[in-house]
Amino acid sequence: MTGFSPWRRAALVLAMAAAPLAAAPLAAAPASAPASADSGRTTGAVTSIRILPGKQRAEVIIGTEGAVTPSDFTLSEPHRVIVDLQGAALQASPALYDKVARGGITNVRMAQYRPDVVRLVLEFDGPRPYTVQRGEGEVRLAVAGPAEFAPWSSSATAPAPVRAEATDRAVAPALPTRLQPGSDKPRISVTYVDADIRDVIAAFAAFSGRTIVVGRAVAGTVPYLDIKDKPWDIALRAVLESQQLAASEDASGIIRVDSYVNILARQASEPLETRSLRLNYSSATALMPTVRSLLSRDCSPGSAQQGAAALQTGATGGQAAIPQGCIVRGSVMSDSLTNSLFITDVPSRLDDLQSFVRSLDIRTPQVAIKAKIILVNRRQIEDLGLRYDLSTAQNFFSQVIARPDPLTLRPIDTNGDGVPDAVGGAPAVQNVFTVGGGQVAAVANAAARVANPTLSLMFSAAVGQYDLTTFLDALAETSLADVQAEPSIVTLNNRPAQIFAGDQIPFRQVDAGALTGGAAQPARAITQLVDAGIRLAVTPQVSANRMITMTIRAENSSASQATSDGNPLINRQEATNQLLVADGETAVIGGLTVTSVQSVRTGIPYLKDLPLIGALFRRQSRQEEKRDLLLLITPHILDEGEAAPRNR
């Protein structure tokens with residue numbers, strides 16, 4: 001663009017922004033394309049273009065005024081339809097197509113092809129049949145294709161300028177640096193070569209419709225600038241940063257562009273102003289250090305360049321360091337009674353500081369956490385025992401049956417008729433055995449009885465002068481214990497919470513004493529309380545996509561029988577975990593299964609191991625115990641006004 005005056009270059013920029021066809025020029029018409037009958041004269045105008053859904057087709061409606069003659073032809077690779085409106089001048093809005101596929105139409109471009117010809121180019125996603133009809137005040141194209149899409153018009157992408165959001169920079173805010181990559185401002189395509197920076201800013205002001213005031217220190221040349229279909233605010237930000245410039249916006253919406261040094265100097269000369277902010281959710285005392293780091297600074301003349309460098313670092317997204325020789329002009333104080341901040345700073349910084357504080361003073365999410373601790377104990381016992389007693393009336397060796405002592409037996413009268421009719425009166429004893437004489441007495445498994453048997457049988461038989469007594473004990477037991485605890489708690493985001501339900505068990509420790517200075521100190525007893533019960537400790541963290549990261553510690557403990565020193569044992573099941581779950585999702589944070597099997601076989605040696613009949617000479621016991629522990633947790637984010645869910 002060399003060789004043109006500044007205003008001529010600005011006009012060319014606006015023309016390119018209105019019809020960004022330089023990067024992708026309109027396809028040239030073939031040699032057979034019709035030409036205007038009266039070249040150079042316009043008898044009509046093109047005022048608008050719209051794309052509307054029809055019945056299995058897309059309707060492209062071109063608004064016209066006056067006498068306009070349409071002609072069309074097609075091109076391939078890519079597939080395009082070119083419509084030349086002869087005798088027309090372009091008066092439609094220079095808005096760009098949003099590149100959304102509508103009925104097979106992927107792009108729309110329109111420009112003043114010749115002084116008397118307006119050319120419209122429609123790009124398709126493939127070959128599609130179409131028809132062109134001339135109507136009253138319009139030219140209508142019907143393109144076959146899907147009809148489910150949102151309508152589009154040439155004025156839909158040119159919204160009114162809006163004021164940018166506040167920034168959290170520690171220096172004078174630059175409007176372009178406040179804008180995010182997803183800006184919704186009108187898009188611009190432009191190319192510059194060796195252009196004056198003031199002309200470039202003027203072109204952006206004309207395109208955006210905003211008032212931009214340029215400072216005296218703004219000077220320089222842009223060697224090369226080529227912007228392709230970008231929002232104008234993001235493009236302006238890139239241009240200013242390349243020239244070490246920044247922009248700020250006042251309350252009236254006027255954008256001021258100046259150098260970093262001048263921005264710092266202007267802030268240093270502004271009078272201070274105090275503004276109070278009452279917070280709703282955040283703590284004013286906790287926000288004081290953060291706000292203090294963002295206050296404006298006054299740098300000495302020797303360090304002005306350092307201050308400008310710090311401003312540039314902050315504008316480009318780095319860490320804004322405090323250079324030597326700079327002092328903080330403003331101040332910040334907090335009032336805990338009203339939870340308010342009192343910020344003193346230059347007026348140009350107060351709006352941004354207030355916006356920054358408001359962005360931090362947001363409602364902290366609350367999380368309702370429900371846990372379920374399931375403890376299942378299953379026990380199965382099978383016990384079968386046989387015992388034998390072989391003895392005579394004078395010789396017996398039994399730990400099961402107590403018999404009268406045969407040495408002290410005497411005649412007794414049981415019916416009271418004065419005539420002895422029985423033998424008795426001797427004390428009951430267990431073991432009587434006469435040494436010698438070839439007598440035999442025996443007992444098998446006499447001391448291995450089944451505890452609390454559910455079946456007891458006794459069989460007695462006489463074998464010659466001997467009595468054989470058999471005892472059968474049997475036990476089958478199955479028990480199931482199901483313990484469920486459901487603690488629930490509500491806490492703030494990133495705040496630890498703990499709930500406990502149980503007992504405090506006293507543990508006593510005895511200090512035997514010691515010798516101090518030759519004298520013995522008395523023994524002392526120290527009692528310590530130990531918690532036993534259900535405990536849940538959790539710290540939730542809510543992410544932006546409503547996922548919850550939780551650090552969890554769940555515990556189930558109980559006291560059992562006392563040890564030899566008098567203190568009970570503590571049985572504890574505990575799980576510590578960190579996991580990520582969605583809102584309302586139930587997660588398993590721990591599962592433990594313990595199975596214990598104990599099998600005991602006792603009996604007469606050798607005989608108990610005989611096949612088949614070995615069961616008659618042994619006692620067999622089997623005990624199986626299975627313990628299951630399962631920990632479930634369900635978090636739920638409580639929105640504003642929502643109550644915690646009830647237990648079900």
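The values are calculated or read from the model by the stated rules, or taken from the named source; none is laboratory data. Everything numeric here is computed off the predicted structure, so don't read it as measured data. Because the Cβ atoms are built from the backbone with ideal geometry, glycine has one as well, and the counts that use them run over all protein chains shown. Surface accessibility is based on the protein's heavy atoms, side chains included, excluding ligands, DNA and RNA. Shrake-Rupley method; radii C 1.70, N 1.55, O 1.52, S 1.80 Å.
Here's the yes/no breakdown for (1) farther than 30 Å from Gly603 by Cβ; (2) at pLDDT below 75; (3) surrounded by 14 or more Cβ atoms within 10 Å (Cβ to Cβ); (4) within 60 Å of the chain's Cα centre (by Cα):
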{"position": "Val429", "(1), (2), (3), (4)": "no, yes, yes, no"}
{"position": "Ala444", "(1), (2), (3), (4)": "no, yes, yes, no"}
{"position": "Ala448", "(1), (2), (3), (4)": "no, yes, yes, no"}
{"position": "Ala451", "(1), (2), (3), (4)": "no, no, no, yes"}
{"position": "Leu457", "(1), (2), (3), (4)": "no, no, no, no"}
{"position": "Gln504", "(1), (2), (3), (4)": "yes, no, no, yes"}
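Just need a number here: residues in segment 261-290 that are over 30 Å from Glu640 (Cα atoms) and in contact (Cβ under 8 Å) with a residue 60 or more places away in the chain.
Residues in segment 261-290 being over 30 Å from Glu640 (Cα atoms) and in contact (Cβ under 8 Å) with a residue 60 or more places away in the chain: 10 in total.
Of the conditions (1) in a loop (DSSP other than H, G, I, E, B); (2) modelled with pLDDT of 85 or more; (3) surrounded by fewer than 11 Cβ atoms within 10 Å (Cβ to Cβ), Leu480 satisfies every one except a single condition; which number is it?
It fails just one condition, (1).
Mind checking which pairs have a first residue in segment 533-544 that is within 17 Å of Val581 (Cα to Cα) and touching a residue at least 40 places away in the same chain (Cβ under 8 Å) and a second that is open to solvent by less than 30 Å² (accessible area, probe 1.4 Å) and not in a strand (DSSP E or B), Cβ under 7 Å, 6 or more apart or different chains?
Hits for this filter: Pro540/Asn493; Gln541/Asn493; Val542/Asn493.
Can you name every one of the strands (runs of 3 or more DSSP E) wholly within segment 311-400 that holds 3 or more residues which are at pLDDT below 90, farther than 22 Å from Ser283 by Cα and in contact with a helix residue (DSSP H, G or I) (Cβ under 9 Å, 6 or more places away or on another chain)?
It comes to 366-391.
Counting just the residues of segment 608-636 that are hydrophobic (A, V, I, L, M, F, W, C) and in a loop (DSSP other than H, G, I, E, B), which one comes out most open to solvent (accessible area, probe 1.4 Å)?
Among those that are hydrophobic (A, V, I, L, M, F, W, C) and in a loop (DSSP other than H, G, I, E, B), it is Leu612.
State which residue is farthest from Glu148 (Cα to Cα) when the search covers only segment 79-93 and only residues that are open to solvent by less than 10 Å² (accessible area, probe 1.4 Å) and among the small types (Gly, Ala, Ser).
Gly87
Filter segment 121-170 for residues that are among the β-branched types (Val, Ile, Thr) and either touching a helix residue (DSSP H, G or I) at 6+ places or on another chain (Cβ under 7 Å) or modelled with pLDDT of 80 or more (or both); which is surrounded by the fewest Cβ atoms within 10 Å (Cβ to Cβ)?
The selected residue is Thr131.
Within segment 99-117, take every residue that is among the basic types (Lys, Arg) and touching a residue at least 12 places away in the same chain (Cβ under 8 Å) and give me the one that is most open to solvent (accessible area, probe 1.4 Å).
Per the stated criteria, the residue is Arg114.
Any idea how many residues of segment 248-289 are among the hydroxyl-bearing types (Ser, Thr, Tyr) and over 27 Å from Asp361 (Cα atoms)?
3
For segment 205-298, which strands (runs of 3 or more DSSP E) that fit wholly inside it have 3 or more residues that are open to solvent by less than 50 Å² (accessible area, probe 1.4 Å) and in contact with a strand residue (DSSP E or B) (Cβ under 7 Å, 6 or more places away or on another chain)?
221-231, 245-249, 255-259
May I ask you to list the residues in segment 353-407 that are more than 30 Å from Arg619 (Cα to Cα) and either open to solvent by 60 Å² or more (accessible area, probe 1.4 Å) or among the acidic types (Asp, Glu) (or both)?
Across segment 353-407, the qualifying residues are Arg358, Ser359, Leu360, Asp361, Ile362, Arg363, Gln366, Lys372, Asp405, Leu407.
What is the number of the single condition among (1) out of contact with any strand residue (DSSP E or B) (no Cβ under 8 Å at 6 or more places or on another chain); (2) polar (S, T, N, Q); (3) open to solvent by less than 20 Å² (accessible area, probe 1.4 Å) that Ser76 does not meet?
Of the numbered conditions (1) out of contact with any strand residue (DSSP E or B) (no Cβ under 8 Å at 6 or more places or on another chain); (2) polar (S, T, N, Q); (3) open to solvent by less than 20 Å² (accessible area, probe 1.4 Å), the odd one out for Ser76 is (3).
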